[in-house]
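K.L.:
First, the structure itself, so that you have it in front of you.
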Amino acid sequence: MNAPAAPQPAAIGVAVERVGKRFRHAVKGMVYAAREVTLDIAAGEFLTLLGPSGCGKTTTLRMIAGFETPDEGRIAFAGQDVTHLPANERGIGFVFQNYALFPHLSVAENVAYGLEVRRQPRAAVARAVGEVLELVGLAGYERQFPAQMSGGEQQRVALARAIVIRPRVLLFDEPLSNLDARLRVQMRDEIRALQERLAITTVYVTHDQEEAMAVSDRIAVMNAGSLVEIGGAEALYHRPRTRFVAEFIGRANLVDALALGSAGDRVEVEALGQRLAVAPGAARAAAGSRWLLLLRPEALELAQPGARTDAIEATVKSRSFLGEKVEYLVDCGGRTLQVVRPSLGGAPSFAPGERVGLHVLPGAGTLVDAQ
Ligand SMILES: Nc1ncnc2c1ncn2[C@@H]1O[C@H](COP(=O)(O)OP(=O)(O)O)[C@@H](O)[C@H]1O
Ligand SMILES: [Mg+2]
């Protein structure tokens, strides 16, 4: 048996405090790429920065890495200020979207590089390289060259190279964007499993909300340089506070709602011409206040008109059969709503042009800030 591997260093927390970074824009002058970003990342946590292209994810990640220096604010690893510490002294592993492998080096040489620049003895390097290649499922690939490998294999090499130095913090910038859909799903599961096994504090950047939900302990949603909301996937999906998060994570029907009063942990609202009891969301909804009611497509049901009481009148605009589910667009008083139903054989089905009764599942829906 091999000698036991050096123990994994204990996971550390990362604090990002009111960090800002400006760049010169050709037309607009100095513009914030990230502004007042504050993140408290727990030891061993998998945190994802999620948001549309250009919202400041990469800039924030590169400041954590030490590739960019913040103009404002402070970054600490394990309570120690690293704001001005060079990247190679922070103990980070970084995985790039385009793999960034050395094309003229073999797999083993690519992975060994980070250890060799740290002047580790040859035998220890060889053993460490063998171990991490095994971990990422590339045992036996030592002498291959990047150009001989698929995109997924190259990204595994990049991952091996990032973890071989036993980083304190592992950073990923859209690592799966160049892979096809099936491989993306497989690789994201592998990344998450490896991260849990090694218990390395991880910051992961993606613009793909499904990927973020699949891998993260918490998701920090960014928009236009600012952090909008942070939380677990289920909390952000079911109880977003902001319209931006309601629309960016999952699909949203947002309808005007008037708060009528509270009943227990529910708020009575008037929406779509009905009285509904919904979750209050983050804020207290005073009687008479106006909100947006978030209804996820799977929280809506369709029935024959008149089959049940309290039906909201609607007309089917389109129906798409997607295998495990059926998606409808329905017109409801001039407003288009998305409805998703599980596609069980024998379940009632409705055709475009058909009049239907629309029902909100009991307990579904949450109030979101109206702006
Ligand atoms: N080196 C740079 N010089 C000038 N502008 C930059 C630079 N890096 C990023 N930006 C700008 O900052 C904003 C945020 O960029 P980025 O952090 O790359 O966003 P994201 O990764 O979310 O797509 C964008 O408007 C981008 O054009
Ligand atoms: Mg980016």
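The values are calculated or read from the model by the stated rules, or taken from the named source; none is laboratory data. Small disclaimer: the values here were computed from a predicted structure and weren't measured. We place every Cβ from the backbone using ideal geometry, glycine too, and count neighbours over all the protein chains shown.
K.L.:
Would you be able to tell me the number of residues in region 34-62 that are within 19 Å of the chain's Cα centre (by Cα) and within 13 Å of ligand 1 (Cβ to nearest atom)?
P.N.:
Our first condition is that a residue be within 19 Å of the chain's Cα centre (by Cα); within region 34-62, this holds for 34, 37-62.
From what's left, within 13 Å of ligand 1 (Cβ to nearest atom): 34, 37, 48-62.
Of the residues in region 34-62, 17 are within 19 Å of the chain's Cα centre (by Cα) and within 13 Å of ligand 1 (Cβ to nearest atom).
K.L.:
If you don't mind, another one. Collect the residues in region 245-269 that are touching a Pro at 6+ places or on another chain (Cβ under 8 Å) and over 27 Å from LEU50 (Cβ atoms), keeping them in residue-number order. Give the steps one after another, and end with the answer.
P.N.:
Within region 245-269, the first condition is being touching a Pro at 6+ places or on another chain (Cβ under 8 Å), and the residues that meet it are 246, 248-249, 251, 253, 262, 265-267.
Those that are touching a Pro at 6+ places or on another chain (Cβ under 8 Å) and over 27 Å from LEU50 (Cβ atoms): SER262, ASP265, ARG266, VAL267.
K.L.:
Considering ALA233, ALA285, ALA257, which residue is surrounded by 20 or more Cβ atoms within 10 Å (Cβ to Cβ) and either within 28 Å of ALA193 (Cα to Cα) or under 17 Å from the mean Cα position of the chain (by Cα) (or both)? Please lay out each step first, then the result.
P.N.:
Details: ALA285 fails: either within 28 Å of ALA193 (Cα to Cα) or under 17 Å from the mean Cα position of the chain (by Cα) (or both); ALA257 fails: either within 28 Å of ALA193 (Cα to Cα) or under 17 Å from the mean Cα position of the chain (by Cα) (or both).
Answer to the selection: ALA233.
K.L.:
Could you list, ordered by first residue, the pairs with Cβ atoms under 8 Å in which the first is in region 359-371 and within 15 Å of ALA252 (Cα to Cα) and the second is in a loop (DSSP other than H, G, I, E, B) and among the aromatic types (Phe, Trp, Tyr), at least 6 apart or interchain?
P.N.:
Qualifying pairs under 8 Å: none.
K.L.:
Consider GLY281 against the criteria (1) touching a Ser or Thr at 6+ places or on another chain (Cβ under 8 Å); (2) more than 18 Å from VAL255 (Cβ to Cβ); (3) in a loop (DSSP other than H, G, I, E, B): it satisfies all of them except one. Which criterion is unmet?
P.N.:
Unmet for GLY281, out of (1) touching a Ser or Thr at 6+ places or on another chain (Cβ under 8 Å); (2) more than 18 Å from VAL255 (Cβ to Cβ); (3) in a loop (DSSP other than H, G, I, E, B): (2).
K.L.:
For residues that are surrounded by 17 or more Cβ atoms within 10 Å (Cβ to Cβ) and not in a loop (DSSP other than H, G, I, E, B), tally how many sit in region 239-253.
P.N.:
Looking only at region 239-253, we keep the residues that are surrounded by 17 or more Cβ atoms within 10 Å (Cβ to Cβ), and these are 239-246, 248-250, 252-253.
Filter once more, so that each one left must be not in a loop (DSSP other than H, G, I, E, B): 243-246, 248, 253.
Residues flagged as surrounded by 17 or more Cβ atoms within 10 Å (Cβ to Cβ) and not in a loop (DSSP other than H, G, I, E, B) within region 239-253 amount to 6.
K.L.:
For GLU89, are the conditions met, namely being under 29 Å from ALA193 (Cα atoms), surrounded by fewer than 18 Cβ atoms within 10 Å (Cβ to Cβ) and either more than 18 Å from the chain's Cα centre (by Cα) or not assigned by TED's automatic domain parsing to the domain that holds LEU179 (or both)? Let's see the steps before the verdict.
P.N.:
Details: under 29 Å from ALA193 (Cα atoms): yes; surrounded by fewer than 18 Cβ atoms within 10 Å (Cβ to Cβ): yes; either more than 18 Å from the chain's Cα centre (by Cα) or not assigned by TED's automatic domain parsing to the domain that holds LEU179 (or both): yes.
Yes: the conditions hold for GLU89.
K.L.:
Hey, another quick one. Give the number of residues within region 176-210 that are more than 18 Å from GLY56 (Cα to Cα) and either within 16 Å of ligand 2 (Cβ to nearest atom) or touching a Ser or Thr at 6+ places or on another chain (Cβ under 6 Å) (or both).
P.N.:
Looking only at that region, the number is 3.
K.L.:
Assess whether PRO103 counts as being in contact with a helix residue (DSSP H, G or I) (Cβ under 8 Å, 6 or more places away or on another chain), in a loop (DSSP other than H, G, I, E, B) and within 16 Å of ligand 1 (Cβ to nearest atom). Spell out the reasoning first.
P.N.:
Working: in contact with a helix residue (DSSP H, G or I) (Cβ under 8 Å, 6 or more places away or on another chain): yes; in a loop (DSSP other than H, G, I, E, B): yes; within 16 Å of ligand 1 (Cβ to nearest atom): no.
No, not satisfied.
K.L.:
Is it the case, given these coordinates, that PHE23 is more than 20 Å from THR201 (Cβ to Cβ) and modelled with pLDDT of 95 or more? Don't jump to the end; show me each part of the working.
P.N.:
Numbers: more than 20 Å from THR201 (Cβ to Cβ): yes; modelled with pLDDT of 95 or more: yes.
Spelling it out, PHE23 is indeed more than 20 Å from THR201 (Cβ to Cβ) and modelled with pLDDT of 95 or more.
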